[in-house]
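The values are calculated or read from the model by the stated rules, or taken from the named source; none is laboratory data. It should be emphasised that the depicted structure is a prediction, and the values quoted were computed from it without experimental measurement. Because the Cβ atoms are built from the backbone with ideal geometry, glycine has one as well, and the counts that use them run over all protein chains shown.
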Amino acid sequence: MTATSPEDTPAALRTPLLPEQRRFLTRNLPDEHHWNQVALLKAPPELTAHHVQEAFRAVVNLHDGLRLCLSAGERGPLGVQGRPLDEMPVETFDLRDRGPAAAEEAITRECTRIQGSMRMHRSPLVRLAYFTLNDGERRVLLVVHHFVCDGLSFGIVLADLERACRDLLASRPPSLAPPSTPSADYARWLTGLAAKPELREQLPLWRDLGRPAQPVPVDRDKENTMATTDTVAARLSRAETARLMDEVLPGRRGLSMVDVFLTAAIPTLQGGGGRRGVRANLIGHGRRGLPDQPNVARTVGWLSTRYPVSVEVDTAESFAAQLRTVTGRLAGIPMDGAGYGLLAHLGDDATREALAAQGEPDITVNYLGKVGGGATARMLPRAPEDPGPDETETGLREHVHGIDVLLTDGELRVVWYYSTNQFDRATVEGYASELLDRVRGGLLR
């Protein structure tokens, strides 16, 4: 992998950055090179390091978004499109002389080092490692910087990697379906859309939707740092999850998981006693909602969207009434919220400044969908060892609370992110429990 710069890169390889990529750069994290999508996978003994190396090279060369990086010394709005790889570097580790505990410690140590080895101006922003363990065990580490790959895209990358490995094991060249729209072409299309005057007509709407709200309370008024990030998890039972997914949501036209959990979060965080509100960033996958949008179902990049919504409910009303208020507030949002990112990060200076002046919301609500389903039937399931932190531990967090909702093993799970500087663990455990109790009481009883 070699550094790229404007001097040695043809103009045709310069490409606009996507909205979320531009937003990420405005954070100016001290160690922004360490902000990854990561998977540590179990591999069968017959799958050699060379198989994995060739398979991942095929994946990186197929998806142009994986070869994007920054020009040396530049911070956008353009990136550099790296050339296809002649060879995919892979680090190999022979741990057959280590006992289980020592091998696990070595895996975590090396994975952590590798995760921190990215540099934003070196293409591709990916890393690959292969570990040989006792008893025929193998591990594959796959790291892709979040700058070039959102969560949905990472699922595409993992599926393509496995497909390519299967082909190579069968002595066939990798046969992968190409994306209908390359990431660079989509970024250029979005840039053209952002320049249309009619898009700016949404600005008053976003000023209203993102208007300030009462800050959420904290246990302690201290710095909200990355190094103090912790999580709490809570879940619905399989029976409760099945009822919510198979009966409640399909039975209420237009009702989404985000509607449900944003509604439950308002009184959970702000308490009762009348009208209460929060300002939240809602996260979308970014693959629908835009007029005449190209087919990006298999496009790999940071395509996801986020947009702020301030919403109030009357906590004296029933959960059903509160939910109607929230769904009504969200129902009028055009383009699945994607217009906000276009204006806030690709718009003219005045538009970007007007939206930036509103600041970041206190919370995020992100429905990730099904995660990890069917892993036992795959060639490359997740391994049990810890690959280390996937994000830098320096700098400040963006939000007071991050609420991720996902489906795993038939259960709906809430993962709640917070700072131990600001909250006692018991406080956040109480929030997570109350959040699910509100959903149970409002929709499942």
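Just a few scattered comments:
- Within segment 155-178, considering residues that are in a loop (DSSP other than H, G, I, E, B) and either outside the structural domain of residue 60 (by TED's automatic domain parsing) or of a type in the set (A, V, I, L, M, F, W, C) (or both), the one farthest from residue 142 (Cα to Cα): 170
- Only one of the numbered conditions (1) within 23 Å of the chain's Cα centre (by Cα); (2) of a type in the set (A, V, I, L, M, F, W, C); (3) surrounded by fewer than 20 Cβ atoms within 10 Å (Cβ to Cβ); (4) not in a loop (DSSP other than H, G, I, E, B) is violated by residue 297, and that is (4).
- Of the residues making up segment 21-71, just one is in contact with a Pro (Cβ under 6 Å, 6 or more places away or on another chain), in a helix (DSSP H, G or I) and among the β-branched types (Val, Ile, Thr), namely 60.
- Residue in segment 210-222 that is loosely packed, with under 13 Cβ neighbours inside 10 Å and modelled with pLDDT under 95 present: yes
- Evaluation of residue 149 against (1) more than 18 Å from residue 300 (Cα to Cα); (2) buried (at least 21 other Cβ atoms within 10 Å of the Cβ); (3) touching a Gly at 6+ places or on another chain (Cβ under 8 Å) (one fails), failing number: (1)
- For segment 230-268, the tally of residues that are touching a strand residue (DSSP E or B) at 6+ places or on another chain (Cβ under 6 Å), farther than 26 Å from residue 324 by Cβ and hydroxyl-bearing (Ser, Thr, Tyr) stands at 1.
- Within the option set 227, 234, 213, being touching a residue at least 60 places away in the same chain (Cβ under 8 Å) and assigned to a helix (DSSP H, G or I) holds for one residue only, 227.
- Residues satisfying the stated conditions in segment 105-149, i.e. small (Gly, Ala, Ser) and under 13 Å from residue 67 (Cβ atoms): 123
- Answer from 337, 341 - the residue that is in the same structural domain as residue 439 (by TED's automatic domain parsing), surrounded by 18 or more Cβ atoms within 10 Å (Cβ to Cβ) and without any contact (Cβ under 8 Å) to a residue 60 or more places away in the chain: 337
- Any chance residue 207 is in the same structural domain as residue 63 (by TED's automatic domain parsing) and either over 21 Å from the mean Cα position of the chain (by Cα) or touching a residue at least 40 places away in the same chain (Cβ under 8 Å) (or both): no
- The residue of segment 308-327 that is nearest to residue 65 (Cα to Cα), among those that are touching an Asp or Glu at 6+ places or on another chain (Cβ under 9 Å) and touching a residue at least 12 places away in the same chain (Cβ under 8 Å), is 308.
- Within segment 267-294, being within 26 Å of residue 151 (Cα to Cα) and either in contact with a Cys (Cβ under 9 Å, 6 or more places away or on another chain) or not in a loop (DSSP other than H, G, I, E, B) (or both) holds for 278, 279, 280, 281, 282, 283, 284.
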